[in-house]
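A quick write-up on the structure given underneath.
Derivation of every value follows stated rules applied to the coordinates shown; laboratory data play no part. No experiment lies behind these values; they were computed from the predicted model shown. Glycine also receives a Cβ, built like all others from the backbone with ideal geometry; neighbour counts cover every protein chain displayed.
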């Protein structure tokens, strides 16, 4: 079959159809599927229907919502019924140019050039994808073999791709940004509102990383599927959605195992990322100082180490045989060994950075200047509050993880009361452990502060859950025993009724607006009391 060659402008020939039909008749009731490219070359022949014999999505030569794969499938079927749902789904998943189903009779013969006293193929069904909304594919009524042979293949695919391209251009987003589909899982113990909040936060993360979210889907599961996190049916739905919207990645709302990432990429055909990888990417983009870059690289390498296997053909093993065995190392092992050396070097440099910052803190403590750390959920307005209090110009933006490196500024409350305010990296629910470890030098600014200002974005719909997330992270750290002050920020964006309810629920809290400088007098009084307490304690 691999030696057969089809004309460029024809779906198939009588000779090819009867030869494939003869194989199908021999193997009944098993199907046989042949995949042919647009040059007319047979690139794959396998026993099984198009779903069982399908080409892995990552191996398809053409991909994208605006075009087809450039491959057609010709498959045998030992009945005259039209192709089943699974067969048509395989056509859609692979974005085949066309699917030709040959209905094989019980007996026949093939002579020279494929002609015999009785052919093996009785009728043919021709199926192809449909660009318009509604039905995903079109299936012809039973055709005689001669009618299928006369079908102009090039006119068919060119017309389909022209329409697909037109529809794709109509919804096209910025071509320089990644296009993502979000995937959420509603597991036991969580509510629909919590899932929606996770997906909303994940969308903000993707946007901060430089991507556009095109669609989102979710599934309710008691436990995660060990191979794909979501179920097999949902994986197929995800693959079709990725094709429909033209996404080039899928992003999950939880951490995936290395094997889950590899399986998902094979079955969906695009990159599969988890929440941790998106956060690491944001940190890599935002790191400006040498210290920040060191810690980000360390976190990324620690995340990458268990995920090396399957990361592209460059990680595959060397072939066995003469001249390839050498010392016995594989490319994968060499890559892992190199990363381990780099991790050890970065760890040493981070330790040196940690010691350097400890010396700086000791100098500040020797001058008896109290230090207060500003902590809180990412994008709560910590940097804006620091700038407003100290009249400084530290970088602040309405985006997640705008601040990575600790920023310390001096605040002179009065002639005799200086104070140091330190802005820290924003916290987040389920912050990747690699980041917590890598940023321990940064977080030590929190652990050794005389007091903490816990800043909360009161305008955020999940401000209560954010308070709980930050409190949990702080409780898990070896934090100094100094007091914590809850400060609700952005009160200019919420109604007075909500402010009243919050004041009743948290009577010792403060409510301010960093941008409008509201209630700063009360905040400065609290800071003054913290400074006096820290000074007396030092004495």
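According to the square roots a ≥ b ≥ c of the eigenvalues of the Cα gyration tensor, what is the shape class of the stretch 178-273, taking rounded for a/c under 1.5, prolate for a/b larger than b/c otherwise, and oblate for the remainder? Don't skip to the end; give the middle numbers.
Working: a/c = 1.58, a/b = 1.06, b/c = 1.48.
Here the stretch 178-273 falls in the oblate category.
Among rounded, prolate and oblate, which fits the stretch 228-283 when a ≥ b ≥ c are the square roots of the eigenvalues of its C-alpha gyration tensor, a/c under 1.5 means rounded, and a/b larger than b/c means prolate? Walk me through the numbers on the way to the answer.
Working: a/c = 2.13, a/b = 1.38, b/c = 1.54.
Oblate, since a/c reaches 1.5 and b/c is not below a/b.
Determine, for each peptide in 491-502, 33-44, the mean count of other beta carbons within 10 angstrom over its residues, then list the peptides with the highest first.
Output ranking for 491-502, 33-44: 33-44, 491-502.
Can you sort 337, 198, 399, 19 from fewest to most other Cβ atoms within 10 Å of each residue's own Cβ? Working shown, then result.
Numbers: 337 11, 198 22, 399 14, 19 17.
Lowest to highest Cβ neighbour count: 337, 399, 19, 198.
Within 10 Å of each residue's Cβ, count the other Cβ atoms and sort 78, 303 from fewest upward.
Numbers: 78 15, 303 20.
So the ranking, lowest neighbour count to highest, is 78, 303.
Can you give the extra length, in nm with one decimal, that the chain gains between residue 464 and residue 162 once fully stretched, where that is 0.36 nm per residue apart less the Cα-Cα distance?
Values: separation 302, 0.36 × 302 = 108.72 nm, distance 5.08 nm.
103.6 nm is the gain from fully extending residue 464 to residue 162.
With 10 angstrom as the radius, rank 472, 176 by how many other C-beta atoms surround their C-beta, starting from the fewest.
Working: 472 12, 176 6.
Result, fewest neighbours first: 176, 472.
Sort the stretch 1-64 into rounded, prolate or oblate with this rule: let a ≥ b ≥ c be the square roots of the eigenvalues of the Cα gyration tensor; rounded if a/c is under 1.5, and if a/c is not under 1.5, prolate when a/b is larger than b/c, oblate otherwise.
Numbers: a/c = 2.53, a/b = 1.16, b/c = 2.18.
Oblate is the answer for the stretch 1-64, as a/c is 1.5 or above yet b/c matches or exceeds a/b.
Multiply the residue gap between residue 176 and residue 351 by 0.36 nm, knock off their C-alpha separation, and tell me the result in nm, one decimal place.
59.2 nm
Between residue 305 and residue 86, what FRET efficiency comes out of the Förster formula 1/(1 + (r/R0)^6) with R0 = 41 Å and r the beta carbon distance, rounded to 0.05? Before the final figure, lay out each step's value.
On the way: r = 39 Å, r/R0 = 0.94.
Given R0 = 41 Å and the Cβ-Cβ separation, E is 0.60.
By how many nm would the segment from residue 503 to residue 58 grow when fully extended, if each residue of separation counts as 0.36 nm and the alpha-carbon distance is taken off? Intermediate values should be presented prior to the final figure.
Working: separation 445, 0.36 × 445 = 160.20 nm, distance 5.55 nm.
Gain in length upon complete extension: 154.7 nm.
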